[in-house]
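The next block holds one structure in the form of structure tokens; read it before the comments.
The values are calculated or read from the model by the stated rules, or taken from the named source; none is laboratory data. Since we're looking at a predicted model, the values are computed, not measured. Just so you know, the surface numbers come from the protein's heavy atoms only, side chains and all, with ligands and any DNA or RNA stripped out. Shrake-Rupley method; radii C 1.70, N 1.55, O 1.52, S 1.80 Å.
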Amino acid sequence: MSRLTHSEFHMVHRIGWLRAAVLGANDGLVSTASLVVGVASAGSGRPEILIAGLAGLVAGAMSMAAGEYVSVSSQTDAEQADIARETKELRETPEAELDELKRIYVERGLDESLALQVAVQLTEKDALGAHSRDELGISETVTAHPIQAALVSAATFAAGAVVPLIVASLAPTAQITLVVALTTLVALAVLGGLGAAAGGAGIVKGATRVTFWGALAMAATAAVGTIFGVAL
Ligand SMILES: [Zn+2]
């Protein structure tokens, strides 16, 4: 793997967050817009549509936060378990651990004597830090924090979800389905393009893909809303 420059590393790190934010906003936008379009297609009035949309926003944001918290926590738990095992191995078999570290540096291209020298010095400075970083691939800078990740996930979901809610509160009641559907498709195209650009993929392809699935989701809920609207 080519070594990243300092600024490239931060760029990669920022891109990771940007992509997660775009995906979160995308979820919020599609699920809430589909809910609004579904309830509006059933012939409901603006208050019912907004209540359903708001409930969808809150429910979606909470479930995203819960899901992110659980997944990041279990990742953190696994990392903590690895570090505890490593601490025990460093205490019980320090020679074998030093040899292991040396072999990692040899595999990365250092010659035997230099690799041993580096392993000895890094072990003297911070043995656990060296093994966590170079053997387990765990470093403080890339470790996600469950609460932070949960809050970011909920916030990005809500940021996407609020768009169809604002549109539904401003559009003429009879036009809510159409106006929400069109503005959501435009917002999805923008988000899809942004997400694709952040990941270095084709903007048009990214925008088309996200817009297609968004349109499909809204068409499905509009159909359900229309069927149930007629039936009730
Ligand atoms: Zn080790």
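Using the membrane-span-like helix rule (whole DSSP H runs, Cα extent along the own axis of at least 27 Å, mean Kyte-Doolittle hydropathy at least -0.5), which helices of the chain qualify? Membrane-span-like by this criterion, though nothing is claimed about a membrane: 6-41, 46-92, 146-170, 176-198, 203-231.
In this view, the solvent-accessible surface of residue 182, computed with a 1.4 Å probe and all protein chains in place, comes to about 100 Å². From its DSSP helices (H runs of at least four residues, each -39,500 (n - 2.57)), the chain gives a residue-normalised ellipticity at 222 nm of -30000 deg cm²/dmol. Straight Cα distances below 29 angstrom link residue 88 to the lysines 102, 125, with same-chain residues fewer than 8 positions distant left out.
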